[in-house]
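Note sheet for the following structure.
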Amino acid sequence: MDLTGFKSTIFRQPQIVDMVVNQGLEAFIEVAKEWDGFETFIPNLKRFKSRYLNRVLNTYTPNSEEKGFNVLNHADFHLKNMLFKKNAESAIEDFYFVSF
């Protein structure tokens, strides 16, 4: 199957890039700074933020047949597709992404 025609992504729209990559990840980093024990992760999150967009866009670059497979994926990472296990205090202990 030829997947070379599937090169578009919402991450090529400047508004989405700003909202998700810039504002979204920056907000996550700011909140994570307040979590006990997460101090050590902040530098890694900042480095991740600087590389995230290029990594996402790279996933839309088709591989040659020599390099391996191309996969068309619609990832629906949404609360309604997740199961949560809570403890007695209603804190989340574990979660599972349900996919079909």
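The values are calculated or read from the model by the stated rules, or taken from the named source; none is laboratory data. The model shown is predicted, which means the values in this text are computed figures rather than measured ones. Glycine gets a Cβ as well: all are built from the backbone with ideal geometry, and neighbour counts include every protein chain shown. Heads up: the accessible areas ignore ligands, DNA and RNA and are worked out on the full protein's heavy atoms, side chains in. Shrake-Rupley method; radii C 1.70, N 1.55, O 1.52, S 1.80 Å.
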- Query: Quick one: in the range 75-84, which of the residues that are surrounded by 10 or more Cβ atoms within 10 Å (Cβ to Cβ) and assigned to a strand (DSSP E or B) is modelled with the lowest pLDDT?
  - Reply: Met82
- Item | Any hit, the range 54-73, residues being touching a strand residue (DSSP E or B) at 6+ places or on another chain (Cβ under 8 Å) and modelled with pLDDT under 85 | no
- Message: Just to be sure I understand, how many residues within the range 40-58 are over 14 Å from Val17 (Cβ atoms) and open to solvent by less than 50 Å² (accessible area, probe 1.4 Å)?
- Response: 2
